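Read the structure below first, then the notes.
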Amino acid sequence: MVAVYIVLVLLLLLAVFDITQRKNPIWHNFPIIGHFRNLIIQIGPELRQYIVAHNREEQPFNRLEREWIYNSSKHENNYFGFGTDDQIYSIGYPVIKHAVFPFGEKGFTGSKHDHHEDIPCAKVIGLAHNRKKPYRPASIINISAMSYGSLGKNAISALNLGAKLAGCYHNTGEGGVSPYHKKGAELCWQLGTGYFGARDENGRFSLEKCAQTVAETPQIKMIEVKLSQGAKPGKGGVLPASKITPQISEIRGIPQGKDCISPNSHQEFSTVDELIDFIEMIANETGLPVGVKSAIGQLGFWKELVTRMKERNAGPDFIQIDGGEGGTGAAPLTFSDHVSLPFKLALTRVYQLFKDADLADDIVFIGSGKLGFPDRTVVAMALGCDMITVAREAMLAVGCIQAQKCHTGHCPAGVATHNVWLQRGLDPNVNAQRFQGYIEAFRNEVLAVTHAAGYDHPGMFTPHDIEMSSGPSKFSPLIDIFGYDKKQYAPEREPAYKVHEEQCIKKGL
């Protein structure tokens, strides 16, 4: 009885508080009961995710997409039964046109989870500009930029270990090269506006420190200058002082106890020619291929870049196009929703400029922005991509549950957090194998679809091979929608499908 009285007294006190306070009208008008509304709001996302939402209803990744990633990562059956429940006449729905006589698979069915197919890039990065250390990635599917800081140490470790197992490269993100990026995978080192790992005491770019980082990290195979990203182009980043640990301070070359603010633009260049000079300076000093990553908005910059690259025979060795549907740890809603073009429009507008200038063969085009599924990869390749990178899909493979709490530091799966307790739930070795499973199943299915279309490498897809719905009565080839045909690989590039064929012969497949 005493406990009952205590509860009644507490409820009475809460009711008095609700009635007398003036900040929340619901609590005032509906004392005690009004708090249940707040509770439902708090747990609403979980209720919708697990109980209410249909299989294809959630965003950014629906239940079926997550299930395909989870099952692939755990080396389990990732097939689906009874036929599609997708809206095949919905606007934008892609159809991959198969061949009557598929390409022979030499015993490979495309469904074995333990089957390893590298599918190398069809171009050599840096070859056109005669870099000292050109690079041909062994996989057309790789890890996109995610910094240590944005993700915790266990998540970065799992991704890097998994990338080593799967034979793909790992983009460091703009937070610098951490010890957790050095578990054995090849790296693409990203330089953002903060120049972390390559900055002097004043925060300016230091060529000497850049060369030092490359020399100390042989895993770095290419360098990416980040101009912008799809989720928040033109917006700088802030790492709060509370998140700057001694280790992050050392890695980034920033002081503790002070917010780390990355500006929204580069200090080292502000014109196209200055950007080209910056790229050439780094490439000459390190010998590595150097490229850029960017979301796409106004096209004036890209038109000028194409013109000056043609005139100077210099510039980026690769261009990563990031669609507006791409992810980020935290961004203002307007930037996430309305700034920068979505991937297909972004890629096609830039690619066509390079193709018209006869430069498309000299550049490796990398796509990113919700491309972590076989059908989207095939569409990207048909439109001109040579490779794609994945970020959130990679996070899902190592344990992310799409709780969408990245910006709070309270990721329940221990992925996007530095909370020691939460991170303990993510075992790097276990989840490295899951990432490997996802990438290998992903590549296998891309290859199976490629074979079904009569090709032996995904780079052979063209805009003629995909049709897209614009309504129930009309499907149109991508070449009609976007108005260009893809630049075919020049013979001297030694197309990757030949490399792939040789690998198959060596493996006895």
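Any read-out appearing in this document is the output of simple, stated calculations on the displayed coordinates, not a laboratory observation. The structure displayed is predicted, hence computed values, not measured ones. Glycine gets a Cβ as well: all are built from the backbone with ideal geometry, and neighbour counts include every protein chain shown.
The table for this structure:
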quantity	calculated
Integer Hz, Karplus 6.51/-1.76/1.60 couplings in order for region 77-88, x for Gly and Pro	5, 9, 7, 10, x, 6, x, 5, 10, 7, 8, 6
Among 356-369, 214-227, the order from most to least packed when residues are scored by Cβ within 10 Å on average	356-369, 214-227
Packing-based order for 399-406, 34-41, using average beta carbon neighbours within 10 Å, highest first	399-406, 34-41
Most to least packed among 4-14, 301-311 [average Cβ atoms within 10 Å]	301-311, 4-14
Other-chain or far-sequence residues with amide H under 5 Å of ILE220's (modelled H)	LEU187
Those residues of region 182-199 whose amide nitrogen sits under 14 Å from the label point placed on LYS209, 7 Å along Cα→Cβ	191-199
Fully extended contour minus Cα-Cα distance, from ILE41 to LYS132, at 0.36 nm per residue	27.1 nm
Aspartates and glutamates whose Cα lies under 14 Å from that of LYS132, excluding same-chain neighbours fewer than 8 positions away	GLU280, GLU285, ASP317
Under the span-like rule (Cα at least 20 Å along the axis, Kyte-Doolittle mean at least -0.5), DSSP H helices of the chain	2-20, 33-47, 272-286, 428-452
Charge dipole magnitude, Cβ of K and R +1, D and E -1 - region 94-506, Cα centre, debye nearest 20	840
Placed amide H near SER147: partners under 5 Å, 5+ positions off or other chain	GLU174, GLY175
Mean separation of Cα contacts under 8 Å, 6 or more apart, over the residue count of region 94-506: relative contact order %	23
Set of aspartates and glutamates with alpha-carbon distance to LYS370 below 15 Å, sequence-local pairs under 8 removed	GLU58, GLU65, ASP322, GLU325, ASP337, GLU393
Cα-based reach from LYS153 at 13 Å (exclusive), listing aspartates and glutamates while leaving out same-chain residues under 8 positions away	ASP427
LEU191 long-range amide H proximity, modeled H, under 5 Å	GLU224, VAL225, LYS226
For the chain, projected area of the alpha-carbon convex hull averaged over all directions, nm²	29.0
Spin-label pair ASP356/THR217, simplified geometry with 7 Å Cα→Cβ offset, distance in nm	3.8
For region 481-486, 3J(HN,Hα) per residue [Karplus equation, 6.51 cos²θ - 1.76 cosθ + 1.60, θ = phi - 60°, Hz, x = Gly/Pro]	6, 9, x, 8, 9, 6
Charge tally in the Cβ shell below 12 Å around ASP480, where Lys, Arg are +1 and Asp, Glu are -1, ASP480 excluded	-1
Stretch gain in nm, segment VAL9-GLN298, where the contour uses 0.36 nm per residue and the Cα spacing is subtracted	97.7 nm
